[in-house]
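One structure below.
The values are calculated or read from the model by the stated rules, or taken from the named source; none is laboratory data. Owing to the predicted nature of the structure, the values given are computational and were not obtained by experimental measurement. Counting neighbours? That spans all protein chains shown, and the Cβs are built from the backbone with ideal geometry, glycine included. The accessibility values were calculated without ligands, DNA or RNA, using every heavy atom of the protein model including side chains. Shrake-Rupley method; radii C 1.70, N 1.55, O 1.52, S 1.80 Å.
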Amino acid sequence: PAILAGGGGTSQASDMMDYHSIEIRRIETQWPTPDLRDAFTTTPPGFHLVLAGLAKSGFSAMALRMVAAVAGLAAWLVAWRVAAAWCGASRAALLIAPLACSPYLLGSAIWLTTDASALALGAATSGLALVGWRRSRDAWATAVLGAGTVLVRQIMLWCGVPGVLRAWMEP
């Protein structure tokens, strides 16, 4: 109830109110040509651009937070799918369960921060390279997912390494 009422005392709640919401609103007011040089956050603009576009098209603040919740669910589902490719669905669910309880992922799924979106994109990038690669054009899909990951959180650059190595090692 406190979450739905806008309450909270977590660092993610503070980040949402003090940085991310402000940046989303700033970009929304400048839409469709925001000045990305004058960002209010230290993260890349990908997350904020997407949410500002959704806000501009009529999404409410609560709807934007629901998008964050979907990103958190997507992060868990993608990680589960990658693990299931190696060890089966039920064992993968047990192995990935700590991720679902992680305050890092939960906080980002509840509040508007970049972590859940970056983790979902990063898991998809690595997962495609590690278990989903079927044809050479998957290298392009991995590159696009990797670029999207870095546009949300630059620190997630490491997620592109499996794709680069896979493309390099392919005959």
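Here are the numbers for the structure shown:
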| quantity | calculated |
| --- | --- |
| Cα-based shape type of the range 126-166, given that a ≥ b ≥ c are square roots of the gyration tensor eigenvalues and the cut on a/c is 1.5 | prolate |
| Positive-end residue, the chain charge dipole about Cα centroid, Cβ charges, pick of W111, P45, L157 | L157 |
| Helix 61-87 vs. the chain, principal-axis angle (Cα, 0 to 90°, nearest 10) | 10 degrees |
| 1.4 Å probe accessible area per residue over the range 63-122, in Å² | 46 Å² |
| Percent carbon-and-sulfur accessible area, the chain, ignoring ligands, DNA and RNA, probe 1.4 Å | 69 percent |
| Rounded tilt (10° steps) of 89-101 against the dominant C-alpha axis of the chain | 30 degrees |
| For peptides 145-157, 119-131, sequence by mean Cβ density within 10 Å, most packed first | 119-131, 145-157 |
| For the range 76-171: rounded, prolate or oblate by the Cα gyration tensor [a/c cutoff 1.5] | oblate |
| Angle in degrees between helix 115-127 and the longest Cα principal axis of the chain, rounded to the nearest 10 | 20 degrees |
| Ratio Rg/Rh [Cα only; Rh per Kirkwood] for the range 12-78 | 0.97 |
| Radius 14 Å from Cβ of G107, net charge of other residues (Lys, Arg +1; Asp, Glu -1) | -1 |
| Local net charge near A39, Cβ-Cβ under 13 Å (Lys/Arg +1, Asp/Glu -1) | 0 |
| Net charge contributed by nearby residues that have their C-beta within less than 12 Å of A141 (K/R +1, D/E -1) | +3 |
